[in-house]
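S.K.: To start, I am sharing the structure in question, which I have written as structure tokens.
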Amino acid sequence: MIRIDPWSSKQYDYEKLHQFGIEDFKNEWKDLPSPPFFFRRGIVFGHRDFHRIKDAIKKKKPWVILTGLMPSGKMHLGHKIVIDQVIYYQSIGADIHIAVADIEAYATRGYSLKQAEKIAIEEYISNYIALGLKPCHIYFQSKNNDVKDMAYLLAKKANLSQTTAIYGFTGSTNMAHVFAPFIQAGDILHVQLAAYGGLRPTLVPVGVDQDPHIRFCRDIASAHRLYSVMEHEGRTGVFVKVDEGVKKLLDIAEGIAKKHGYSYERNDAYKAIYIASNNVDEIDFELAMEERKLGYYGFILPSSTYHRFITGLDGNKMSSSRPNYAIFLSDTPEEAKKKIWHAKTGGRISIEEHRRLGGEPEKCIIYELFTYGLIKDDRQLEQIYQDCRNGKQTCGQCKKLASELMKEFLNDLKEKRNSAKDEIKEYLD
């Protein structure tokens with residue numbers, strides 16, 4: 001049995017993760033403006049309800065990104081892929097909100113709030129700005145009362161059995177840890193409150209280890225809805241989930257159908273109305289707005305995308321807890337070069353055998369570094385792949401190129417990071 005653990009550092013078999021309801025992303029990005037490398041190269045591999053985001057982009061409607069950072073160690077290349085996505089989404093119109101998970105770091109990693117704040121600013125936020133993030137909304141969980149209040153109120157619709165089934169909590173799990181997923185749900189959903197931009201599609205780009213939080217949050221958001229809205233035999237089925245005020249709620253749904261000129265079939269006994277339209281999202285959005293007028297949350301279920309983890313230099317997952325096998329954004333070019341030259345490759349045991357049999361770039365950490373953005377040009381990347389496969393390109397040549405490109409990247413980033421220190425206040429809520 002596969003268990004996805006948001007607090008572990010293990011790798012995953014990505015092909016088997018569709019059993020959790022994660023959909024394939026390979027055709028979702030092709031009509032987006034200027035698709036970036038992490039889409040083209042399959043680094044972002046899965047999604048939930050990304051169609052909501054594509055529709056908002058296409059129709060130029062408001063949408064929002066919520067992502068977070070765990071201030072529990074130094075920022076490495078594996079962390080960079082998230083902010084690469086955020087910067088791209090910001091460039092095409094997303095409203096960006098970033099949570100510093102200092103409460104979670106306290107509950108699950110043992111960091112004090114003060115330690116977490118220092119790490120967040122020095123290791124993450126300054127690098128985010130240096131990488132190209134424009135002013136946006138960055139906040140600390142511990143300082144956002146709306147997030148904390150929402151976490152408590154949302155918890156009304158969940159129970160210990162549910163959280164234990166998702167997260168594997170035991171009798172020895174501390175209660176701050178148990179409550180951490182509710183804080184994350186508050187993070188994700190609070191951006192739909194009126195004070196933060198209002199009801200709109202919400203995208204959460206994450207590594208697949210965070211999917212339990214996404215599923216849990218979607219379950220909670222759904223539990224707080226008065227309506228369940230879904231495709232039903234080519235129509236939109238609207239089902240009232242509560243037992244009080246059913247007629248009024250069906251009247252509201254009927255009014256929406258009439259407003260758009262859709263034919264419909266109403267069945268009060270089943271607390272349902274079937275609308276002759278396949279525009280499920282539009283009807284769901286309007287019903288959510290009506291729920292808000294009645295004093296309820298009316299959340300739109302958050303969408304999500306999932307990216308592959310970059311491999312550590314020894315072939316395992318890159319992690320801050322294994323510094324010899326991770327390249328940190330604060331590494332000097334000399335430190336990075338030393339690590340690169342000790343990295344696992346897909347080469348053969350000798351130059352002669354490599355020339356004769358060719359290399360295996362699919363197994364090479366250096367080639368993976370190229371794939372994860374060290375080389376932006378797809379044609380150059382493809383040429384390196386072919387030259388490795390036919391034995392023309394050696395591991396030494398690739399390591400030399402990677403060291404040179406990493407030196408250029410780290411030097412440029414350091415210069416921009418130093419300048420970013422004066423800009424941080426513009427980003428903090």
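S.K.: Give me the residue from the stretch 319-346 that is crowded, with 20+ Cβ neighbours inside 10 Å and of a type in the set (Gly, Ala, Ser) and, out of that set, nearest to the chain's Cα centre (by Cα).
M.R.: The extreme case among them is Ala326.
S.K.: If Ile366 passes every condition in (1) touching a Ser or Thr at 6+ places or on another chain (Cβ under 7 Å); (2) at pLDDT 95 or above; (3) more than 23 Å from Ile81 (Cβ to Cβ) but one, which one does it miss?
M.R.: Just one mismatch for Ile366, condition (3).
S.K.: Please find, among Glu426, Glu360, Glu382, the residue that is in contact (Cβ under 8 Å) with a residue 40 or more places away in the chain, surrounded by fewer than 19 Cβ atoms within 10 Å (Cβ to Cβ), of a type in the set (D, E, K, R) and on the phi < 0 side of the Ramachandran plot. Spell out the reasoning first.
M.R.: Details: Glu360 fails: in contact (Cβ under 8 Å) with a residue 40 or more places away in the chain; Glu382 fails: in contact (Cβ under 8 Å) with a residue 40 or more places away in the chain.
Going through Glu426, Glu360, Glu382 in turn, the sole match is Glu426.
S.K.: Also: Out of all the residues in the stretch 233-265, which are buried (at least 16 other Cβ atoms within 10 Å of the Cβ) and of a type in the set (Lys, Arg)?
M.R.: Passing the criteria: only Arg235.
S.K.: Which of the residues that make up the stretch 386-429 are within 29 Å of His97 (Cα to Cα) and charged (D, E, K, R)?
M.R.: Within the stretch 386-429, Asp412, Lys414, Glu415, Lys416, Arg417, Lys421, Asp422, Glu423, Lys425, Glu426, Asp429 meet the criteria.
S.K.: Based on what the data block shows, is Lys114 within 24 Å of Gln85 (Cα to Cα) and among the basic types (Lys, Arg)? Spell out how you get there, then give the answer.
M.R.: Working: within 24 Å of Gln85 (Cα to Cα): no; among the basic types (Lys, Arg): yes.
So Lys114 fails the test.
S.K.: Could I ask something else about it? Being of a type in the set (Phe, Trp, Tyr) and either over 31 Å from the mean Cα position of the chain (by Cα) or crowded, with 20+ Cβ neighbours inside 10 Å (or both) is the requirement here; does Tyr306 meet it?
M.R.: Yes; evaluated as a whole, the condition is true for this residue.
S.K.: Against the conditions (1) free of Cβ contacts under 8 Å to residues at least 24 places away in the same chain; (2) assigned to a helix (DSSP H, G or I), where does Leu410 fall short? Just the number, please.
M.R.: If we test Leu410 against (1) free of Cβ contacts under 8 Å to residues at least 24 places away in the same chain; (2) assigned to a helix (DSSP H, G or I), just (1) comes out false.
S.K.: I would also like to ask the following. For the stretch 142-175, give me each residue that is assigned to a loop (DSSP other than H, G, I, E, B) and either among the acidic types (Asp, Glu) or over 18 Å from Asp209 (Cα atoms) (or both). Give the steps one after another, and end with the answer.
M.R.: First, pick out the residues of the stretch 142-175 that are assigned to a loop (DSSP other than H, G, I, E, B): 144, 158-159, 168-174.
Scanning the stretch 142-175 gives Asn144, Ala158, Asn159, Thr170, Gly171, Ser172, Thr173, Asn174.
S.K.: Search the stretch 134-164 for residues being buried (at least 20 other Cβ atoms within 10 Å of the Cβ) and aliphatic (A, V, I, L, M), and hand back the single one that is nearest to the chain's Cα centre (by Cα).
M.R.: Only one residue tops the list, namely Ile138.
S.K.: In this structure, is Ile129 under 29 Å from Ala194 (Cα atoms) and buried (at least 18 other Cβ atoms within 10 Å of the Cβ)?
M.R.: On the way: under 29 Å from Ala194 (Cα atoms): yes; buried (at least 18 other Cβ atoms within 10 Å of the Cβ): yes.
Judged against the criteria, Ile129 is a match.
The values are calculated or read from the model by the stated rules, or taken from the named source; none is laboratory data. Small disclaimer: the values here were computed from a predicted structure and weren't measured. Please note: Cβ atoms are built from the backbone with ideal geometry, for glycine as well, and neighbour counts cover all protein chains shown.
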